[in-house]
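> Just dropping this structure here.
The values are calculated or read from the model by the stated rules, or taken from the named source; none is laboratory data. Keep in mind that this is a model prediction, so the values were computed, not measured. Cβ placement follows ideal geometry from the backbone for every residue including glycine, while neighbour counts extend to all protein chains displayed.
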Amino acid sequence: MTDFFGDIPQIKYEGADSTNPLAFRHYNPDEIIMGKRMEDHLRFAVAYWHSFAWPGGDPFGGETFQRPWFGDTMELAKMKADVAFEMFNILDVPFYCFHDADMRPEGANFAESKRNLEEMVDYLALKMESSRTELLWGTANLFSNRRFMSGASTNPDPDVFAYSAATVKTCIDATHKLGGQNYVLWGGREGYETLLNTDMGTELDHMGRFLNMVVEYKHKIGFKGAILVEPKPQEPSKHQYDFDAATCYSFLQKYGLENEVQLNLEQGHAILAGHSFEHEIATAIAMGAFGSIDMNRNDYQSGWDTDQFPNNTPEVALAYYHILKAGGFDKGGTNFDAKLRRQSLDPVDLIAAHVGGMDICARGLKAAAAMVEDGGLEDALNERYAGWQTKSATDMLTAETLDDIAARVLKENINPEPRSGRQEILENYVNRFV
Ligand code: XUL
Ligand code: CO
């Protein structure tokens with residue numbers, strides 16, 4: 001036991017009228033929503049990196065958090081894990097996610113980093129034996145160390161490609177050993193700073209081969225988790241190849257991976273790409289590539305990836321509406337890839353941030369479920385597309401050519417009458433639920 005969280009008790013559901021800042025007012029894990037426990041719908045995960053490894057820096061200043069486990073020794077890494085599992089227990093959260101670099105000190109060379117990771121994986125496995133918190137996903141940090149400054153799998157230097165492949169292998173092994181349900185690849189440095197020094201076609205081919213090797217390795221070792229790519233348009237690179245859901249899907253298709261790899265979508269990344277979160281989710285669902293979500297928002301004024309905890313029920317509700325309509329999460333879940341503001345120094349801030357995020361998601365989920373059950377949006381969609389239920393309409397898709405259709409338009413004097421899209425009525429409808 002560490003004493004980092006002092007006497008903060010396990011957080012309980014107290015109902016919507018509670019004024020206790022450390023209670024859930026909406027997140028009631030056992031409440032049944034559309035036939036399933038709320039906890040099993042939401043599948044919350046804590047991100048190891050932001051909660052326990054992030055020092056609170058910004059472009060103008062360094063560390064504001066002075067956590068007792070900051071430092072490069074295995075002993076401190078184990079203290080960090082102890083604190084992490086204490087927080088998982090306080091939140092009673094079902095999952096966590098990690099990068100290799102969050103939980104082990106960097107070694108002097110690859111072999112030492114690998115040994116450190118393996119020792120920490122054994123330590124986490126031990127902690128997990130006496131905890132209910134499981135691993136949602138693991139991933140490799142192929143972006144912080146300076147060796148990755150020009151990319152990982154897309155680096156012009158083949159030695160960096162090799163180092164990245166070896167690193168990902170160790171991270172898939174770690175994820176597999178800890179029973180992870182997914183493995184994520186986010187390519188913050190897979191892109192470019194300037195096209196003047198970049199052979200984009202070659203880099204994309206290398207990234208395609210790399211991802212194929214990941215899939216081959218997953219099958220070789222019998223890892224049953226999903227392989228997920230996480231889109232982001234830019235930051236840290238000026239341009240990232242995994243720009244958004246649609247770009248990722250066409251990449252997967254080009255390299256023959258569309259049936260092997262799904263997407264982990266992050267709200268803040270959607271915003272950076274000029275999309276809404278529900279756009280990214282709906283795109284992935286339409287492509288059959290939806291996997292999991294990182295539920296953290298950006299500040300709409302700052303224009304960069306601020307990774308804040310969610311606090312906007314309507315946005316969250318629309319995201320879960322699409323997810324529920326598509327049948328909910330399979331292996332995926334709701335990861336808070338979110339960090340405190342750098343002035344939020346106290347341990348209680350870390351707990352309160354997660355409590356608030358979990359509560360907003362629960363509220364959003366309940367609103368989404370109420371909309372699905374009411375069926376108003378679905379009815380409006382069915383009505384809008386009702387014309388496609390007729391034989392003459394479906395014949396166009398299955399039996400007719402362009403000139404058949406042109407002849408029919410002339411013969412039947414087809415003269416379409418525009419109909420209202422009813423956007424405001426639908427927005428008003430949503431506002432009844434959120
Ligand atoms: C960065 C980001 C990553 C990925 C995992 O913006 O979202 O933390 O989620 O590497
Ligand atoms: Co993320």
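> Is there a residue in region 73-80 that is out of contact with any strand residue (DSSP E or B) (no Cβ under 7 Å at 6 or more places or on another chain), part of a loop (DSSP other than H, G, I, E, B) and assigned by TED's automatic domain parsing to the domain that holds ALA370?
Yes, region 73-80 has at least one match.
> Right, next: Would you confirm, using the coordinates I've provided, whether MET120 is in contact with a Lys or Arg (Cβ under 7 Å, 6 or more places away or on another chain) and either at positive phi or crowded, with 20+ Cβ neighbours inside 10 Å (or both)?
yes
> When the residues of region 248-278 are narrowed to those that are of a type in the set (S, T, N, Q) and within 16 Å of ligand 1 (Cβ to nearest atom), which ends up surrounded by the most Cβ atoms within 10 Å (Cβ to Cβ)?
ASN264
> For residues that are of a type in the set (Val, Ile, Thr) and either more than 16 Å from ligand 2 (Cβ to nearest atom) or in contact with a His (Cβ under 8 Å, 6 or more places away or on another chain) (or both), tally how many sit in region 317-337.
Number satisfying all stated conditions: 1.
> Would you mind telling me which numbered condition in (1) surrounded by 19 or more Cβ atoms within 10 Å (Cβ to Cβ); (2) away from ligand 2 (no atom under 16 Å from the Cβ); (3) charged (D, E, K, R) ASP159 fails?
Unmet condition: (1).
Okay, residues lined up against (1) under 20 Å from GLU315 (Cα atoms); (2) in a helix (DSSP H, G or I); (3) modelled with pLDDT of 95 or more; (4) over 39 Å from the mean Cα position of the chain (by Cα):
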site: GLY357; (1), (2), (3), (4): yes, yes, yes, no
site: ALA362; (1), (2), (3), (4): yes, yes, yes, no
site: VAL372; (1), (2), (3), (4): yes, yes, yes, no
site: LEU377; (1), (2), (3), (4): yes, yes, yes, no
site: ASN382; (1), (2), (3), (4): no, yes, yes, no
site: TRP388; (1), (2), (3), (4): no, yes, yes, no
site: ALA393; (1), (2), (3), (4): no, yes, yes, no
site: ASP403; (1), (2), (3), (4): no, yes, yes, yes
site: LEU410; (1), (2), (3), (4): no, yes, yes, yes
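> Six or more apart or on different chains, Cβ atoms under 7 Å: show the pairs whose first residue is in region 290-314 and at positive phi and whose second is at pLDDT 95 or above and in a helix (DSSP H, G or I).
Matching pairs, first to second residue: ASP307/HIS50; ASP307/GLY268.
> Quick one: would you say ALA53 is small (Gly, Ala, Ser) and buried (at least 18 other Cβ atoms within 10 Å of the Cβ)?
So ALA53 passes the test.
> Under 8 Å between Cβ atoms, which residue pairs at least 6 apart in sequence (or on different chains) link something in region 212-239 that is of a type in the set (A, V, I, L, M) with a partner that is in a loop (DSSP other than H, G, I, E, B) and within 15 Å of ligand 2 (Cβ to nearest atom)?
Every condition considered, the pairs that remain are ALA226/GLY332; LEU228/GLY332; VAL229/TRP186; VAL229/GLY187; VAL229/ASP242.
> How many of the residues making up region 103-118 are more than 12 Å from LYS177 (Cβ to Cβ) and either touching a strand residue (DSSP E or B) at 6+ places or on another chain (Cβ under 7 Å) or in a helix (DSSP H, G or I) (or both)? Write out each step before concluding.
Applying the first criterion (more than 12 Å from LYS177 (Cβ to Cβ)) to region 103-118 yields 103-116.
Restricting the remaining residues to those that are either touching a strand residue (DSSP E or B) at 6+ places or on another chain (Cβ under 7 Å) or in a helix (DSSP H, G or I) (or both) gives 103, 110-116.
Residues flagged as more than 12 Å from LYS177 (Cβ to Cβ) and either touching a strand residue (DSSP E or B) at 6+ places or on another chain (Cβ under 7 Å) or in a helix (DSSP H, G or I) (or both) within region 103-118 amount to 8.
> For region 289-315, enumerate the residues that are away from ligand 2 (no atom under 16 Å from the Cβ) and β-branched (Val, Ile, Thr).
THR313
> Now a separate question. Out of (1) among the small types (Gly, Ala, Ser); (2) under 22 Å from ILE323 (Cβ atoms); (3) surrounded by fewer than 24 Cβ atoms within 10 Å (Cβ to Cβ), what's the single condition that is false for ALA166?
(2)
> Oh, and also: Can you pull out every residue in region 30-72 that is away from ligand 2 (no atom under 16 Å from the Cβ), of a type in the set (A, V, I, L, M, F, W, C) and in contact with a strand residue (DSSP E or B) (Cβ under 7 Å, 6 or more places away or on another chain)?
LEU42
> Further, regarding this structure: Filter region 237-275 down to the residues that are among the polar types (S, T, N, Q) and closer than 20 Å to PRO310 by Cβ, then identify the one that is nearest to ligand 2 (Cβ to nearest atom).
Within region 237-275, the match that is nearest to ligand 2 (Cβ to nearest atom) is ASN264.
> Just for region 289-302: of the residues that are in a loop (DSSP other than H, G, I, E, B) and more than 13 Å from PHE329 (Cα to Cα), which one is nearest to ligand 1 (Cβ to nearest atom)?
So the residue we want is ASN296.
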